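The structure appears below as structure tokens.
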Amino acid sequence: MNGANGANEALELSSLETGYETALIEPLNLYCEGGEITAVLGSNGRGKTALLRTIAGALRPLGGKITFSGDFGYVPQLFTSHFSYTALDIVLMGRARHINLFSLPSENDIEIARQSLRQLDILDLAHRSFNTLSGGQRQMILIARALATQSKLLLLDEPTGALDLQNQSVVLKLLKSLAKNTKMNIFFSTHEPTQALLIADNTLLFLPEKKWLFGKTGGILTEDNLRRAYGVKIKFAALPGGGRALVPEFEL
């Protein structure tokens, strides 16, 4: 990542092309302030994971530039360990850039890792073997690992995909709180447009034929735009107490 955007930790993508051999989307331009949440939506294979991996540096850009000053935390969809690490060991990996080579984690590092688990209400998993946890529990541990980095940019690839409804709520509330209280810049992909309506300031919507739309969530997540993106009719439904949800109309 290049450049410096000042204290607000803004993220800027300039004519960014992302993909594995050929670009999955047209050159992408967007700018997100620190303290904002951006949701990335689109059907399977459009490039959501490729984009997050490119921003994280795991995938080389095919063109364009990523501008961000500072560190980031990344939560992939899938992660397996070939060793018998505890959940706390996995979270402590998020402290790696703060620990000198060949040094052990300090008491402060351990406390930060425990606090990250505490934020997600999963401190009781700290000494469980990571490989014995359920898929949802592992996902929560990976989110805690990203929190332990104490970075200003958090990238999450479908962070609620393996979670039950209660833990989905925990994660969404935490992301909203982090953006508001720490000015963290948060990017997350999801297949649930309602999640974007609930917490995202901005939405990046991938469309067929490598097209995309980016802007404030309320302006991007229209019934027409979502129909273009997913190929099914999607209607707004009023929620009790206010707010709206998006409901697909399947033809069975």
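The values are calculated or read from the model by the stated rules, or taken from the named source; none is laboratory data. Model, not experiment: these values are computed from the prediction. Neighbour counts run over all protein chains shown; Cβ positions are idealised from the backbone, glycine included.
Checking region 161-169 against the condition returns no match, with no residue being touching a Gly at 6+ places or on another chain (Cβ under 8 Å), at pLDDT 90 or above and over 20 Å from Leu78 (Cα atoms). Can you work out which of the residues in region 86-117 that are surrounded by 14 or more Cβ atoms within 10 Å (Cβ to Cβ) and of a type in the set (Lys, Arg) is modelled with the highest pLDDT? Checking each candidate, the answer is Arg114.
Residue by residue through region 115-135, note down the ones that are in a helix (DSSP H, G or I) and either in contact with a helix residue (DSSP H, G or I) (Cβ under 6 Å, 6 or more places away or on another chain) or under 24 Å from Asp71 (Cβ atoms) (or both). So that I can check it myself, show each step before the final result.
Keep residues of region 115-135 that are in a helix (DSSP H, G or I), which gives 115-119, 123-125, 130-132, 135.
Scanning region 115-135 gives Gln115, Ser116, Leu117, Arg118, Gln119, Leu123, Leu125, Phe130.
Given the criteria polar (S, T, N, Q), under 21 Å from Val171 (Cα atoms), in contact (Cβ under 8 Å) with a residue 24 or more places away in the chain and crowded, with 19+ Cβ neighbours inside 10 Å, does Thr54 qualify? Steps first, answer last, please.
Details: polar (S, T, N, Q): yes; under 21 Å from Val171 (Cα atoms): no; in contact (Cβ under 8 Å) with a residue 24 or more places away in the chain: yes; crowded, with 19+ Cβ neighbours inside 10 Å: yes.
In short, no.
Within region 12-29, does at least one residue satisfy the condition of being of a type in the set (A, V, I, L, M, F, W, C), surrounded by 17 or more Cβ atoms within 10 Å (Cβ to Cβ) and within 30 Å of Arg128 (Cα to Cα)?
Looking only at region 12-29, we keep the residues that are of a type in the set (A, V, I, L, M, F, W, C), and these are 13, 16, 23-25, 28.
Filter again for surrounded by 17 or more Cβ atoms within 10 Å (Cβ to Cβ), leaving 13, 16, 23-25, 28.
From what is left, the residues that are within 30 Å of Arg128 (Cα to Cα) are none.
No, region 12-29 contains no residue that is of a type in the set (A, V, I, L, M, F, W, C), surrounded by 17 or more Cβ atoms within 10 Å (Cβ to Cβ) and within 30 Å of Arg128 (Cα to Cα).
Between Leu41, Leu62, the distinction of being surrounded by fewer than 19 Cβ atoms within 10 Å (Cβ to Cβ), at pLDDT 95 or above and either touching a strand residue (DSSP E or B) at 6+ places or on another chain (Cβ under 7 Å) or not β-branched (Val, Ile, Thr) (or both) belongs to Leu62 only.
Screening region 121-139 for residues that are modelled with pLDDT of 95 or more and among the aliphatic types (A, V, I, L, M) and picking the one that is surrounded by the fewest Cβ atoms within 10 Å (Cβ to Cβ) gives Leu123.
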